[in-house]
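Asker: Before I ask anything, here is the structure I am working with.
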Amino acid sequence: EYPGGLSGREVQVLCLAAKGLTTRQIADRLYISPKTADHHIQHVYNKIGVSSRAAAALWAMQNSVVN
């Protein structure tokens, strides 16, 4: 069970985004297309109620998703 109702894959994407990786870098790291990575990012934003990577990174730190 992950905070915010996130799936395991969404947590992976959020962690990478919070570390400053671009959508392309996230896609390459997870062996998915950039479009799929972007879809995951948008789902994360919707689930946790944010609209930017900075806000998502802050949420991730506050909810112990990343250190």
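Asker: Between 0 and 90 degrees, rounded to the nearest ten: what's the tilt of helix 34-48 against the longest Cα principal axis of the chain?
Answerer: Roughly 10 degrees between the two axes.
Asker: Determine the order of E10, E1 by accessible area, beginning with the largest, at a probe radius of 1.4 Å.
Answerer: E1, E10
Asker: In whole Hz and in residue order, list the ³J(HN,Hα) couplings for region 11-27 that follow from phi through the Karplus curve 6.51 cos²θ - 1.76 cosθ + 1.60, θ = phi - 60°; x for Gly and Pro.
Answerer: 5, 4, 5, 4, 4, 5, 5, 5, 7, x, 6, 6, 4, 4, 5, 4, 4
Asker: Please compute the contact order of region 1-66 in relative form: average sequence separation of alpha-carbon pairs under 8 Å and at least six residues apart, divided by the residue count, as a percent.
Answerer: Result for region 1-66 is 40 percent.
Asker: Now for a separate question. Relative to the first principal axis of the alpha-carbon coordinates of the chain, what is the inclination of helix 53-62, with its axis defined by its Cα atoms, in degrees from 0 to 90 and to the nearest 10?
Answerer: Tilt of helix 53-62: around 50 degrees.
Asker: Using a 1.4 angstrom probe on heavy atoms only, work out the carbon and sulfur share of the accessible area of the chain in %.
Answerer: Roughly 50 percent, rounded to a whole number.
Asker: Top to bottom by accessible area (1.4 Å), largest first, where do Y45, Y2 land?
Answerer: In descending accessible area the options line up as Y2, Y45.
The values are calculated or read from the model by the stated rules, or taken from the named source; none is laboratory data. For clarity, every value in this text was computed on a predicted model and none was experimentally measured. These accessible areas exclude ligands, DNA and RNA; they are computed on the full protein's heavy atoms, side chains included. Shrake-Rupley method; radii C 1.70, N 1.55, O 1.52, S 1.80 Å.
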